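Encoded as structure tokens, the structure appears first; notes follow it.
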Amino acid sequence: MGFARKEYEFLSEIGLSSRNLGCYVDGTWKANGPVVTSVNPSNNQAIAEVVEGSIEDYEEGMRACSEAAKIWMQVPAPKRGEIVRQIGDALRTKLQQLGRLVSLEMGKILPEGIGEVQEIIDMCDFSVGLSRQLNGSVIPSERPNHAMLEMWNPLGIVGVITAFNFPCAVLGWNACIALVCGNCVVWKGAPTTSLITIAMTRLVAEVLEKNNLPPAIFTSFCGGADIGQALAKDTRIPLVSFTGSSKVGLMVQQIVNQRFGKCLLELSGNNAIIVMDDANIQLAVRSVMFAAVGTAGQRCTTCRRLLLHESIYQRVLDQLLDVYKQVKIGDPLEKGTLLGPLHTSESRKSFEKGIEIIKSQGGKIITGGSVIESEGNFVQPTIVEISPNADVVKEELFAPVLYVMKFQTLQEAIEINNSVPQGLSSSIFTRQPGVIFKWIGPQGSDCGIVNVNIPTNGAEIGGAFGGEKATGGGREAGSDSWKQYMRRSTWRDSSLDFFINSQRSKSERKRDKLLKSERDIKARDEMGQKNDLQKQMIIAMEELPTMEELHRVPPPESSTEL
């Protein structure tokens, strides 16, 4: 059966059809749960159907994954890296199609959709190198002739629950590293981006099959909260990575903690950009617009608060309003579009509700503030003047809404930046080295990402991605984030002492053997000398006449001869 619209036919190139089974279980596509429809947020029309998984599907998948983990963790890390390299190559061949699917199903503009898939490819490259650098440590021991080492071993299985706003990049941050660290991966994608979950899984499955590896090394489920809860409760999964809201993340953390599992949380952000009076205003304005409007304000790193020094407040605001007027709103697949739709119709309703709350708390709408009447989930990019103390400012409204506020001193700006429950990303625009060092230091930003003269979004994979406080404290992607996907063992050993004693014993035995050899030679020499003397005596005795011979000797003939 074909797709409802001709422009969706490219989906067949990445293994999708008008009706898809949503679970990859031990090498088989199956699903016994409800049927859901994937919707294009630009027009709220159906793209394709997906059959979600049931708890029975989940249990079957986990049994197979547990068995596969016993095999995968014994594969040498560089060979695991080779498999991840092949996954990256498979993604390269379908980069355009996958990027287009991300744009179609999620709603972000096409360059962002392609960029998201490229980020997974980059993570594959990063992880290949990492597979040869999962190094332990040799630690000095306080005990004589003892050794102490630190070793890293796989956890076994890593569960990954991703959100709609980055439906595949977050998988890449987790799965690429988890795989090279020797773990199997169980992925539950967002319910509203199921087609991306299926397409990504198909590519990974093809690589595992080509290499004759157990297919359950990578297991995926399309499903709702019941699958997510089962994953969080499952004692077979030592680590659960969750991306989503702080509210749901806290629930996941509590469930996982009850069974003494580990959580890696990437939750809400409420990110601020500070513009000092000496800043490059043109650079700051472009950065703010991109950070606040990109992905329709649905990034966890979206700029939601703009702090302007009072001396440049109006100048920056005027330039920002001019830039906002140039933002093209429309179909994310069309060239030139900068602002696509919100992901769902519920998101649009949340935007409307949020605007009403903002107004009730004294917020002044400078521009935007309304939904755009259309078939899709489009809203106007919005700028609001509001007090930093308003309750609504402390919350994350997942939409292109920017709160603007004044400050007088650097210290005041830092305090406003740090005053919200979340702590993901932050940025300051300034040319003063002293201000920069204060900002990145212990009395500066309390966020996990602290930028200077660049926007709050656009994290690089080489660094650890994550935030503090209600953002969850997790770290994904680069730096030493890989350590979260392994278990650390401190190994103490007295074998060195035993070895030294053993070597000493060997030396002593060798010395004793040499001494014994010397004694044997001496004894042999002495015995030889004794034997020679005995031989000479025997020869001499043999030369003596016998008694008979003596009796046969004739007497003298006459006495005269005497």
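All but one of (1) farther than 20 Å from Met486 by Cβ; (2) in contact with a Leu (Cβ under 9 Å, 6 or more places away or on another chain) hold for Glu59; which doesn't?
(2)
Just name the residue that is surrounded by the fewest Cβ atoms within 10 Å (Cβ to Cβ) out of those in region 1-36 that are over 23 Å from Gln96 (Cα atoms) and more than 30 Å from the chain's Cα centre (by Cα).
In this case the residue turns out to be Met1.
I'm checking my understanding of the structure. Among residues of region 362-401 that are of a type in the set (S, T, N, Q) and within 20 Å of Cys303 (Cβ to Cβ), which one is least open to solvent (accessible area, probe 1.4 Å)?
So in region 362-401, the residues of a type in the set (S, T, N, Q) come out as 367, 370, 374, 377, 380, 382, 387, 389.
Checking the rest, the ones that are also within 20 Å of Cys303 (Cβ to Cβ) come to 367, 380, 382, 387, 389.
Numbers: Thr367: 43, Gln380: 63, Thr382: 0, Ser387: 56, Asn389: 120 Å².
Among residues in region 362-401 that are of a type in the set (S, T, N, Q) and within 20 Å of Cys303 (Cβ to Cβ), the one least open to solvent (accessible area, probe 1.4 Å) is Thr382.
Among the residues that make up region 478-493, is at least one of them hydroxyl-bearing (Ser, Thr, Tyr), at negative phi, open to solvent by 30 Å² or more (accessible area, probe 1.4 Å) and in contact with a His (Cβ under 6 Å, 6 or more places away or on another chain)?
Keep residues of region 478-493 that are hydroxyl-bearing (Ser, Thr, Tyr), which gives 479, 481, 485, 489-490.
With at negative phi added as a condition, the list becomes 481, 485, 489-490.
Restricting the remaining residues to those that are open to solvent by 30 Å² or more (accessible area, probe 1.4 Å) gives 489-490.
From what's left, in contact with a His (Cβ under 6 Å, 6 or more places away or on another chain): none.
No, the conditions are met nowhere in region 478-493.
For region 400-510, please list each of the strands (runs of 3 or more DSSP E) lying entirely inside it that holds at least 3 residues being within 27 Å of Gln314 (Cα to Cα) and at pLDDT 95 or above. Can you show your working first?
Values: elements: 401-407, 425-429, 449-452, 486-493.
Per the criteria, 401-407, 425-429, 449-452.
Does Val256 satisfy being closer than 30 Å to Glu49 by Cα and either touching a strand residue (DSSP E or B) at 6+ places or on another chain (Cβ under 9 Å) or part of a strand (DSSP E or B) (or both)? It would help to see each step written out before you state the result.
On the way: closer than 30 Å to Glu49 by Cα: no; either touching a strand residue (DSSP E or B) at 6+ places or on another chain (Cβ under 9 Å) or part of a strand (DSSP E or B) (or both): yes.
Judged against the criteria, Val256 is not a match.
Does region 305-315 contain at least one residue that is assigned to a loop (DSSP other than H, G, I, E, B), within 32 Å of the chain's Cα centre (by Cα) and surrounded by fewer than 23 Cβ atoms within 10 Å (Cβ to Cβ)? So that I can check it myself, show each step before the final result.
Initially, region 305-315 is screened for residues assigned to a loop (DSSP other than H, G, I, E, B), giving 310-312.
When the remaining residues are screened for being within 32 Å of the chain's Cα centre (by Cα), the result is none.
For region 305-315, residues assigned to a loop (DSSP other than H, G, I, E, B), within 32 Å of the chain's Cα centre (by Cα) and surrounded by fewer than 23 Cβ atoms within 10 Å (Cβ to Cβ): absent.
Tell me, yes or no, whether region 101-108 has at least one residue that is open to solvent by 70 Å² or more (accessible area, probe 1.4 Å) and at pLDDT 95 or above. Explain how you work it out, then say what you get.
If we filter region 101-108 for residues that are open to solvent by 70 Å² or more (accessible area, probe 1.4 Å), which is where we start, we get none.
Scanning region 101-108, I find no residue that is open to solvent by 70 Å² or more (accessible area, probe 1.4 Å) and at pLDDT 95 or above, so the answer is no.
Whether any residue in region 203-213 is crowded, with 24+ Cβ neighbours inside 10 Å and farther than 16 Å from Ile87 by Cβ is what I want to check.
Applying the first criterion (crowded, with 24+ Cβ neighbours inside 10 Å) to region 203-213 yields 204.
Those still in the list that are farther than 16 Å from Ile87 by Cβ too: none.
Checked region 203-213: no residue is crowded, with 24+ Cβ neighbours inside 10 Å and farther than 16 Å from Ile87 by Cβ.
Out of Thr197, Thr219, Thr243, Thr235, which single residue is crowded, with 17+ Cβ neighbours inside 10 Å and over 24 Å from Cys300 (Cα atoms)?
Details: Thr197 fails: over 24 Å from Cys300 (Cα atoms); Thr243 fails: over 24 Å from Cys300 (Cα atoms); Thr235 fails: crowded, with 17+ Cβ neighbours inside 10 Å.
That would be Thr219, the only listed residue that is crowded, with 17+ Cβ neighbours inside 10 Å and over 24 Å from Cys300 (Cα atoms).
The values are calculated or read from the model by the stated rules, or taken from the named source; none is laboratory data. Predicted, not measured: the structure shown is a model, and the values here were computed from it. Cβ atoms come from the backbone with ideal geometry, glycine included; neighbour counts cover every protein chain shown. Quick note on the areas: whole protein, heavy atoms, side chains included, nothing else; ligands and nucleic acids left out. Shrake-Rupley method; radii C 1.70, N 1.55, O 1.52, S 1.80 Å.
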